[in-house]
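The values are calculated or read from the model by the stated rules, or taken from the named source; none is laboratory data. Values in this document were obtained by computation on a predicted structure and should not be read as measured data. Here the Cβ positions follow ideal geometry from the backbone for every residue, glycine too, while neighbour counts run over all protein chains shown.
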Amino acid sequence: MSSLGSAERPLRVAVVGSGPSGFYAAEALFKSDLTVQVDMFDRLPTPFGLVRGGVAPDHPKIKSVTKVYDKVAQHERFLFLGNVNIGNDITVEELRQYYDAILFATGAETDNHLGIPGEDLPGSHTATEFVGWYNGHPDYRDRVFDLSREVAVIIGQGNVAMDVSRILAKTADELRGTDIAQHALDALAESKVREIHLVGRRGPVQAKFTTPELRELGELAECDIIVRHEDLALDQASQAELDFADNVNAKKNMVELRAFAERTTAGKKRRYVMHFLKGPVELRGPARVESIALELNKLQGNPFTTRAVGTGVIEEIACGLVFRSVGYRGVPIPSVPFDDARGVIPHESGRVTNAGVAIPGLYVTGWIKRGPSGVIGTNKPDSHETVASLLPDAPGLVPCTIPDSAALQGLLAQRGVRPVSYADWRRIDAAEIERGAANGKPREKFTRIEEMLNAL
């Protein structure tokens, strides 16, 4: 019998998830000394994960990374199987019959909870919902956001929170030439939101947003940025963090924030207020959100390990709209171990573990492996680590019993599942670009799965 990874018997790897981590894993597998067949699955007919459904429409340069993934997809031993839901259309146990190894790259598909009273009141939404809605993600196409409210509060100070707040702060004209979903553009054009508050529980030095995203706020056409001098006063630990030579992002952020604090308001139509050292303790209102109660915090602890501690002083902001952007977590996959406390698949160097013991043939990469941290490029070394564990394991893996992708596709067809190939995706892609050109946009996304399939 030929060894796994030989030309006679390629190592068969199923990659579940077609975002950056999945593609970087496929790329690393193809660059190895083994002969590898990579079949990549996604529950949507479209690839690229958060690059398509999460990157803000006014950040087109970031989306250009898909050119790298396109090259990976051209490999002769790459097969894309979109519109296939692992755990629903086919179980993991069944998948193991067709593949020697399964690599999970499903990302972090849902949000953390605040765990405060009123969190579920109407008018309170997760960042994921809003981001998916304006990006045309099918899961969120029909979400409704009451943009008739004048005051919106965004809880969180990462780049996603910045994206949400910036989209609210921009005019329709600023968004019109992007690939924002048309239903979202139409709704935002009628938005009555005039005041936006970005709230973080720690200080400006600890904020997780990056400087380019912060700098963009100063370029908004019809929105004044308000940063209070007193909010930029630093305690001893924060000053030590700022003085640390490698803390480049914080240094650049403070330059921008101090420049904002020196600005005089220009009387623009909208106001954007940044808050630091304030933590949400309650969303208030009898039937929907009418205000948010914030507790003033102070930092305790040593540099880089500080924690926000409430002072008991409460400040209330009247508002009708709240977006919660306090981190993401993964979603369990049936029959795959899951760490519910962290929202990830447990692993050791990318090998999926159960009670600390590695499960032969199961691997994990990306946010579902390490949690929602880093930028798109961070997934590359993460995926390389996982592949570096998988490859030496190959000789000892139990070969799958049905090493045949066509047989798998036949099984799916019997179940009424219509897998979408990469060539199919190219047809969807071309149709979206054509739709967008008619409206002066780079593309007009199909926002429903049925529309995508009908374009084939």
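Below is a table of values for the structure above.
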item	result
Condition met for Gly158 (within 17 Å of the chain's Cα centre (by Cα), at pLDDT below 95 and not assigned by TED's automatic domain parsing to the domain that holds Ala358)	yes
Residue in segment 234-245 that is closer than 23 Å to Asp163 by Cα and either polar (S, T, N, Q) or modelled with pLDDT of 95 or more (or both) present	no
Glu93 farther than 19 Å from Gly350 by Cα and not in a strand (DSSP E or B)	yes
Tabulated pairs, segment 364-388, first without any contact (Cβ under 8 Å) to a residue 60 or more places away in the chain, second part of a loop (DSSP other than H, G, I, E, B) and surrounded by 18 or more Cβ atoms within 10 Å (Cβ to Cβ), C-beta under 7 angstrom, 6+ apart or interchain	Glu385/Gly350
Inter-residue pairs, beta-carbon under 8 Å, first within 17 Å of Arg143 (Cα to Cα) and without any contact (Cβ under 8 Å) to a residue 60 or more places away in the chain and in segment 175-190, second aliphatic (A, V, I, L, M) and surrounded by fewer than 16 Cβ atoms within 10 Å (Cβ to Cβ), 6+ apart	Leu185/Ala172; Leu188/Ala172; Ala189/Ala172
Single residue of Gly343, Gly361, Gly327 found to be at pLDDT 95 or above and either of a type in the set (Gly, Ala, Ser) or farther than 21 Å from His197 by Cα (or both)	Gly361
Output for segment 146-196, where each listed residue is of a type in the set (Asp, Glu) and either in a loop (DSSP other than H, G, I, E, B) or in contact with a helix residue (DSSP H, G or I) (Cβ under 8 Å, 6 or more places away or on another chain) (or both)	Asp146, Glu150, Asp163, Asp179, Glu190
In segment 385-421, the residues that are under 22 Å from Asp42 (Cβ atoms), out of contact with any Gly (no Cβ under 8 Å at 6 or more places or on another chain) and either β-branched (Val, Ile, Thr) or in a helix (DSSP H, G or I) (or both)	Ile402, Ser405, Ala406, Ala407, Leu408, Gln409, Gly410, Leu411, Leu412, Ala413, Gln414, Val417
Residue check for Arg9: under 22 Å from Tyr363 (Cα atoms), of a type outside the set (A, V, I, L, M) and surrounded by fewer than 23 Cβ atoms within 10 Å (Cβ to Cβ)	yes
Per-region count, segment 99-117, residues at negative phi, modelled with pLDDT under 95 and not polar (S, T, N, Q)	5
All positions within segment 1-48 that are farther than 19 Å from Val92 by Cβ and among the β-branched types (Val, Ile, Thr)	Thr35, Val36, Thr46
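Yes/no matrix, rows are residues, columns are (1) outside the structural domain of Leu411 (by TED's automatic domain parsing); (2) without any contact (Cβ under 8 Å) to a residue 12 or more places away in the chain; (3) farther than 19 Å from Ala394 by Cα; (4) not in a helix (DSSP H, G or I):
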| position | (1), (2), (3), (4) |
| --- | --- |
| Ala26 | no, no, no, no |
| Asp39 | no, no, no, yes |
| Pro47 | no, no, yes, yes |
| Asp58 | no, no, yes, yes |
| Val84 | no, no, yes, yes |
